[in-house]
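**Q** Below is the structure I would like to discuss, written out as structure tokens.
Just so it is clear, none of the values below were taken in a lab; they were calculated from the coordinates. Owing to the predicted nature of the structure, the values given are computational and were not obtained by experimental measurement. Heads up, the Cβs are rebuilt from the backbone with ideal geometry, glycines too, and the neighbour counts pull from every protein chain shown.
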């Protein structure tokens, strides 16, 4: 709740509207052209490093598919702004799983079982062991990702949005101060409470209107319940360090 | 609210015994672990000038030398190409232009050429075709991989994908399909001309196909005889072939489905202009170049008609480097992309210095 104004871009539909959609489509078209025409130019009327076939239909497919997976993963990595271990696991894991499945589908074993369904036998080994294939993949990745980085950097430098400014600020602050101590927040909470938290509590209305006697033993149990409920709510806010009371 | 509660109970964070009123036992509060409370250690990258600009410069500085290396390597590859379609009336092969696949006797022509520079390392002899769409969808599907893998039931019962090239004269075709039917069957021979004497150059026909293709993907049908003619009993040759598949070569390890020319042809090309490895010319010793400079002659047995679809045929002699055959595209592309990156880095640096780098902390409304 530190930066309540950050909710505004979402409410004003600034993050996904028709203009952004068409920019997205244009970016996709540009990447598709790069993904096809770079291997097309590199494999036009040429042969591999052992003289044998490299420009065949299946090797071309493997090259383009591998470039595609890597380009998309790099794009996702650019968009990920909060890299935890889980992000690392899934993004790198997806590339690893792609290669695992690729080699599995192009292996000898599965071809022997289903010859008509897995005709790409030996392809992954043959194509991906050629240096020129990896050079093509690297070139395609850089060509696809470079404009994105350029535009984002220019936009952030010249016209930073609120989100960008907040992130820069957080980064600068984190460099200066160590992590806040939880205890000091807890001790503050015993005296001050957010009205937001308690606006959703039941309050004493039910207690009063129920007509229960305010004897010692009744009220203690009621208040005990209420106290525990309050403790739960406040606990759930405690973990968010940016909550100010 | 005048409710007092125990700060200590809250501090240790254990889920309280009583949760929702009326519920029994388990609290619905998530555990106070880093994972569930979204407190995992994280790295938050931001595209600042300090990361993006050096990245552009580094990419530029890496790509330009790579591009120059590739370009220089490609330029050092020796390549000689002869188009022998015969469309030009002055070409020796013009008489063979309208040959059909079963002309007897086969049309032959000879083309003389001169190599200006010797070819030092192993030389690869390719045949190239243009305007031949081996990547047409129905063409690519027109094969039976289990028949080519030596499956005896598929041998006599080709798959439906091979239609209409799956049966002929009532018998199943082996190998079936349009790809096999259109196999390239010109014969090319190379002679060196040395003062009126023609010496043939040894052309090696083994080792031109992928190892996995020759040993895993393509297998002859199995049986308890080594006689391929008997193993292919009950099948007939493809419609446009002069000889059946078990007579492709006299050597048994290059005959039948495992004939390397056949395997190379069956690996369909991706683009309409392609080259396929035909023969290898190996270097005899390290003292002499593989092909010396001088006069050569190419004898062609012209069996393969391409004129009807405006195709072109050519023979290519080429050496090979670590990045493959002669192709300047990759080198030029790397140099271009490296230069663009470097130039963009400079431009962004200028823009960043002049207009960027505003102080952000004062502007954020809280």
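**Q** Please give the per residue volume of the convex hull enclosing the alpha carbon atoms of segment B:36-79, rounded to a whole number of Å³.
**A** Per residue, the Cα convex hull of segment B:36-79 comes to 117 Å³.
**Q** Stick to the Cα atoms of chain B, pair each with every other, and give me the Kirkwood hydrodynamic radius in Å at one decimal.
**A** By the Kirkwood definition, the hydrodynamic radius is 26.9 Å.
**Q** What three numbers, in Å, describe the spread of the alpha carbons of segment B:278-318 along their principal axes, ordered from the longest?
**A** Dimensions of segment B:278-318 along the principal axes of its Cα atoms: 46, 19, 16 Å.
**Q** Given an 8 Å cut-off on Cα distances and at least 6 residues of separation, report the relative contact order of chain B as a percent.
**A** Value for chain B: 32 percent.
**Q** Turning to a different aspect of this structure: For residue B:61 and residue B:112, compute 0.36 nm times the residue count separating them, minus their Cα-Cα distance, and round to one decimal in nm.
**A** Using 0.36 nm per residue and subtracting the Cα-Cα distance, I get 13.7 nm.
**Q** Note down, for segment A:108-172, the three equivalent ellipsoid semi-axes (square root of 5 times each alpha carbon gyration tensor eigenvalue), biggest first, whole angstrom.
**A** Working from the Cα gyration tensor, I get semi-axes of 46, 16, 10 Å.
**Q** Another one. For segment B:78-222, what ratio Rg/Rh do Cα atoms give with a Kirkwood hydrodynamic radius?
**A** Rg/Rh: 1.03.
**Q** For segment B:155-279, state the semi-axes of the equivalent ellipsoid (square roots of 5 times the eigenvalues of the alpha-carbon gyration tensor), sorted largest first and rounded to whole angstrom.
**A** 29, 18, 15
**Q** Okay, moving on. Simple spin-label model, 7 Å along Cα-to-Cβ: residue A:72 to residue B:284 in nm?
**A** Each label point lies 7 Å from its Cα, and together they span 5.6 nm.
**Q** With label points built 7 Å along Cα→Cβ from the Cα atoms of residue B:215 and residue A:33, find their separation and express it in nm.
**A** Computed distance between label sites residue B:215 and residue A:33 equals 4.5 nm.
**Q** For segment A:4-159, take the alpha-carbon Rg, divide it by the Kirkwood Rh, and send me Rg/Rh.
**A** Ratio of gyration radius to Kirkwood radius for segment A:4-159: 1.07.
**Q** How far apart, in nm, are two points set 7 Å out from the Cα along the Cα-to-Cβ line at residue B:75 and at residue A:170?
**A** So the label points at residue B:75 and residue A:170 sit 5.2 nm apart.
**Q** Just want to confirm a number: the relative contact order over segment A:4-159, from Cα pairs under 8 angstrom separated by 6+ residues, in percent.
**A** 27 percent
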